[in-house]
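Notes follow once the structure below has been shown.
Nothing in this text is a laboratory measurement; each read-out follows from the coordinates by a stated rule. Note that this is a predicted model, so its numbers are computed, not measured. All Cβ positions, glycine included, derive from the backbone under ideal geometry; neighbour counts span all protein chains shown.
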Amino acid sequence: MLNLGILISGRGSNMESILKSIKKKKIPIKPVVVISNKPNAKGLKIAEKLGVNVEVIESKGFKGSRWQYDKKIIEILTKYGVTQKNGLVCLAGFMRIISPEFVKKYKNRIINIHPALLPAFPGLDSQKQALDYGVKYSGCTVHFVDSGMDTGAIIIQSIVKIKENDTEETLSKRILKEEHRIYPEAVNLFARKKINVSKRRAIIS
Ligand code: GAR
């Protein structure tokens with residue numbers, strides 16, 4: 001069975017939905033560690049409650065390069081068996097750009113959730129970007145991580161219709177509900193080896 005490592009920075013609601021789905025739906029993957037770059041991330045307590053090991057590598061004040069920081073993450077992943085051969089790394093609200101070296105080492109083994117229909121509205125505050133632009137539909141995307149910003153092959157997307165009276169808060173809430181549905185689904189597809197990447201396309205069998 002594959003080993004799963006989840007990287008978070010805050011609330012951890014996507015992490016929670018993945019961990020709970022693994023228990024309920026029997027996704028064939030073993031959640032072995034949750035790592036946060038922030039010591040006070042709320043998600044750490046949730047992970048502990050759900051019986052998953054937690055680790056913190058504080059990024060604030062870290063003196064080295066991005067790759068030196070990521071090497072510390074890899075050390076921990078490796079310690080728990082989340083390897084290039086049998087690991088999956090889920091970024092779940094992990095608010096750091098990861099280095100090209102990390103991406104290369106874990107090629108097609110790092111996935112991320114983004115609160116917009118990529119390639120629209122990458123980066124931060126995607127729900128606000130969508131409202132400011134005036135699109136009628138937005139949503140969320142689970143994708144492989146490559147060395148660009150929110151540019152890797154897309155695994156699953158879900159559409160959310162924007163209402164005339166939506167605020168950033170109301171829209172974010174409806175998108176988050178979809179995030180909690182599609183992220184565990186993507187982990188399940190990966191764990192069951194149903195995703196094949198060909199150029200930019202993640203083909204689901
Ligand atoms: C989620 O909405 C996720 O899509 C977003 O941060 C939130 C984390 O919430 N990620 C990004 O914007 C990445 N660019 P969570 O900690 O409750 O899962």
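Of the residues Phe144, Phe102, the single one that is in contact with an Asp or Glu (Cβ under 9 Å, 6 or more places away or on another chain), of a type in the set (Phe, Trp, Tyr) and more than 10 Å from the ligand (Cβ to nearest atom) is Phe102. Just one of (1) closer than 24 Å to Glu185 by Cβ; (2) more than 16 Å from the ligand (Cβ to nearest atom) fails for Thr78. It is (1). Scan the range 6-47 for residues that are touching a residue at least 60 places away in the same chain (Cβ under 8 Å), assigned to a strand (DSSP E or B) and under 18 Å from Lys193 (Cβ atoms) and the total you get is 1.
Residue-wise test of (1) within 16 Å of the ligand (Cβ to nearest atom); (2) of a type in the set (Ser, Thr, Tyr); (3) surrounded by 13 or more Cβ atoms within 10 Å (Cβ to Cβ).
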{"site": "Lys49", "(1), (2), (3)": "yes, no, no"}
{"site": "Ser65", "(1), (2), (3)": "no, yes, no"}
{"site": "Gly87", "(1), (2), (3)": "no, no, yes"}
{"site": "Gly93", "(1), (2), (3)": "yes, no, yes"}
{"site": "Ile98", "(1), (2), (3)": "yes, no, yes"}
{"site": "Ile110", "(1), (2), (3)": "yes, no, yes"}
{"site": "Pro115", "(1), (2), (3)": "yes, no, yes"}
{"site": "Gly139", "(1), (2), (3)": "yes, no, yes"}
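Considering the conditions (1) surrounded by 18 or more Cβ atoms within 10 Å (Cβ to Cβ); (2) over 18 Å from the mean Cα position of the chain (by Cα), Val187 is excluded by exactly one of them, (2).
Each residue in the range 117-137 was checked for being surrounded by fewer than 18 Cβ atoms within 10 Å (Cβ to Cβ), more than 10 Å from the ligand (Cβ to nearest atom) and in a loop (DSSP other than H, G, I, E, B), and 5 pass. Suppose we filter Lys104, Lys163 for residues that are among the charged types (D, E, K, R), surrounded by fewer than 16 Cβ atoms within 10 Å (Cβ to Cβ) and over 28 Å from Ile57 (Cβ atoms); which single one remains? Every option except Lys163 fails the conditions.
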